[in-house]
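Since the structure comes first, as structure tokens, the remarks are kept for the end.
The values are calculated or read from the model by the stated rules, or taken from the named source; none is laboratory data. Quick caveat, the model's predicted, so the values are computed rather than measured. Neighbour counts are summed over all protein chains in view; Cβ atoms, including those assigned to glycine, are modelled from backbone coordinates with ideal geometry. Surface accessibility is based on the protein's heavy atoms, side chains included, excluding ligands, DNA and RNA. Shrake-Rupley method; radii C 1.70, N 1.55, O 1.52, S 1.80 Å.
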Amino acid sequence: MSPRPGNLPVLALAAALMIAACPATAQDAMLQCVPYARQVSGIEIYGDAHSWWQQADGRYERGKRPAPGAVLAFKPHRSMQLGHVAAVSKVIDSRRVLLDHANWSPINGRKGQVERNVLAEDVSAANDWSEVRVWYSPIGGLGTTRYPVHGFIYPQGRKPQDLQAAPVQIASADQPTGKLSRAERKAQRQAEKEARKRLKQIEKQRREYAKYLKKQQKAQRERAGVSVPSVPRLEADPIGDLIGRSGG
């Protein structure tokens with residue numbers, strides 16, 4: 001019996017949840033970045049990731065300012081000819097954000113996996129988010145590739161300033177806290193604690209990646225310093241050559 005039309009959205013949602021809950025196998029279709037970014041951001045753009053920036057023109061606000069809920073649109077680059085899109089989950093500061101995206105790092109040897117709250121860093125000279133480095137799970141750190149970026153696409157009806165989360169305020173002795181309730185002060189302390197914890201994790205990851213790069217550079221220098229022994233040149237032996245040609 002075919003399902004009634006009214007049940008189709010519910011069935012589609014149930015199917016999506018089943019796909020998300022089941023671990024991917026080699027036979028499963030890879031989860032691409034576009035449908036995942038569309039799902040988490042609510043931005044209704046279809047087509048390859050490299051076309052999102054142009055398609056958003058006139059339909060969505062676009063800009064160079066990171067904001068939670070916005071989509072970071074990557075330009076085609078090297079082997080990434082279809083571009084990439086990723087949703088901003090949190091803004092750490094003017095140079096660093098956390099991303100939710102799909103089909104970036106292979107996880108356990110499989111592509112098409114979802115990564116949440118991974119670091120991306122603006123490495124542009126003007127701090128305009130035109131170039132970024134992105135967390136790459138296989139190396140446990142930011143990759144060395146500088147990816148060109150169009151900018152941020154903001155959900156419809158919401159401007160960047162509406163999306164921007166207020167920075168965490170660190171309480172100090174000279175700041176009055178009498179206006180805050182006990183629950184608000186508790187929530188603030190918890191937010192500060194979580195922010196500090198996350199920043200420590202990021203700094204630890206950066207240090208580990210720096211160690212990894214040093215090891216790689218040391219190994220390269222060692223390989224370059226090993227000289228290949230030259231093959232000794234044999235003296236001409238006309239008699240032996242003549243015997244060899246005659247089969248003796």
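So which residues in the range 61-81 are crowded, with 16+ Cβ neighbours inside 10 Å and part of a loop (DSSP other than H, G, I, E, B), if there are any at all?
GLU61, LYS64, ARG65, PRO66, ALA67, GLY69, ALA70, LYS75 - these are the residues of the range 61-81 that are crowded, with 16+ Cβ neighbours inside 10 Å and part of a loop (DSSP other than H, G, I, E, B).
Kindly provide the set of residues from the range 82-116 that are among the small types (Gly, Ala, Ser) and either open to solvent by 40 Å² or more (accessible area, probe 1.4 Å) or under 19 Å from TYR154 (Cβ atoms) (or both), ordered by number. Can you show your working first?
Taking the range 82-116 as the starting set, the residues that turn out to be among the small types (Gly, Ala, Ser) are 83, 86-87, 89, 94, 102, 105, 109, 112.
Listed by number, the residues that qualify are GLY83, ALA86, ALA87, SER89, SER94, GLY109.
How many residues does the range 49-60 contain that are within 11 Å of ALA73 (Cβ to Cβ) and part of a loop (DSSP other than H, G, I, E, B)?
1
Quick check on my filter: what residues within the range 117-135 are assigned to a strand (DSSP E or B), open to solvent by 40 Å² or more (accessible area, probe 1.4 Å) and modelled with pLDDT of 95 or more?
Restricting attention to the range 117-135, the residues satisfying the condition of being assigned to a strand (DSSP E or B) are 117-122, 131-135.
Narrowing further to those that are open to solvent by 40 Å² or more (accessible area, probe 1.4 Å): 117, 131, 133.
Of everything in the range 117-135, those that are assigned to a strand (DSSP E or B), open to solvent by 40 Å² or more (accessible area, probe 1.4 Å) and modelled with pLDDT of 95 or more turn out to be GLU131, ARG133.
Please specify each residue of the range 1-25 satisfying the condition of being open to solvent by 70 Å² or more (accessible area, probe 1.4 Å) and either modelled with pLDDT of 50 or more or within 23 Å of ARG116 (Cβ to Cβ) (or both).
Correct list: LEU13, LEU17, MET18, ILE19, ALA20, ALA21, CYS22, PRO23.
For ALA49, state whether it is touching a helix residue (DSSP H, G or I) at 6+ places or on another chain (Cβ under 6 Å), aliphatic (A, V, I, L, M), under 27 Å from ARG110 (Cβ atoms) and at pLDDT 95 or above. Quick ask: steps written out before the conclusion?
Working: touching a helix residue (DSSP H, G or I) at 6+ places or on another chain (Cβ under 6 Å): yes; aliphatic (A, V, I, L, M): yes; under 27 Å from ARG110 (Cβ atoms): yes; at pLDDT 95 or above: yes.
The answer is yes for ALA49.
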